[in-house]
Amino acid sequence: MTHRATAPVTHDLKTWPQFFDATWTGHKPFEIRRNDRDFQIGDLLCLKEWDPKGSHYTGRRISAVVRDLWRGLPGVKPNHVAMLLEPFMRADNLFD
């Protein structure tokens, strides 16, 4: 397990609708992401639904805590991590 020595970091992440919906409904309690942000257990993710066709955010968001994290899993690309999420807030109609 990897824990951050400092305070948790909040990561704002664009999330395509099909993946966002699966997380919103609870069918996908994880994220697999390129680890270009040094994700750690305890970090906060703000998943923002992104509409790639219209090139805009939809206003839906999910805030979640990273509860566990794995690197080097079979089938997961190098330099990517799998994160177990614990959502604590879902919101509609929030715009930047």
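The values are calculated or read from the model by the stated rules, or taken from the named source; none is laboratory data. Given the structure is predicted, the values throughout are model-derived calculations rather than measurements. Positions of Cβ are generated from backbone atoms using ideal geometry, with glycine treated the same way; all protein chains shown enter the neighbour counts.
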Task: Residue, farthest from LYS77 (Cα to Cα), within the stretch 8-32, restricted to residues that are in a helix (DSSP H, G or I), in contact with a strand residue (DSSP E or B) (Cβ under 9 Å, 6 or more places away or on another chain) and hydrophobic (A, V, I, L, M, F, W, C) - done: TRP24
Task: Matching residues in the stretch 64-96 - criterion: being in contact with a Phe, Trp or Tyr (Cβ under 9 Å, 6 or more places away or on another chain), surrounded by fewer than 16 Cβ atoms within 10 Å (Cβ to Cβ) and either polar (S, T, N, Q) or under 20 Å from GLN18 (Cα atoms) (or both) - done: VAL76, LEU84, PRO87, ARG90, LEU94, PHE95
Task: Any chance ARG33 is surrounded by 15 or more Cβ atoms within 10 Å (Cβ to Cβ), at pLDDT 95 or above and closer than 25 Å to ALA5 by Cβ - done: yes
Open item on the list: over 14 Å from ARG90 (Cα atoms) and either loosely packed, with under 13 Cβ neighbours inside 10 Å or touching a Gly at 6+ places or on another chain (Cβ under 8 Å) (or both): is that true of HIS56 in this structure?
Closed with: yes
- [ ] Would you mind stating whether MET83 is out of contact with any Leu (no Cβ under 8 Å at 6 or more places or on another chain), among the aliphatic types (A, V, I, L, M) and assigned to a strand (DSSP E or B)?
- [x] no
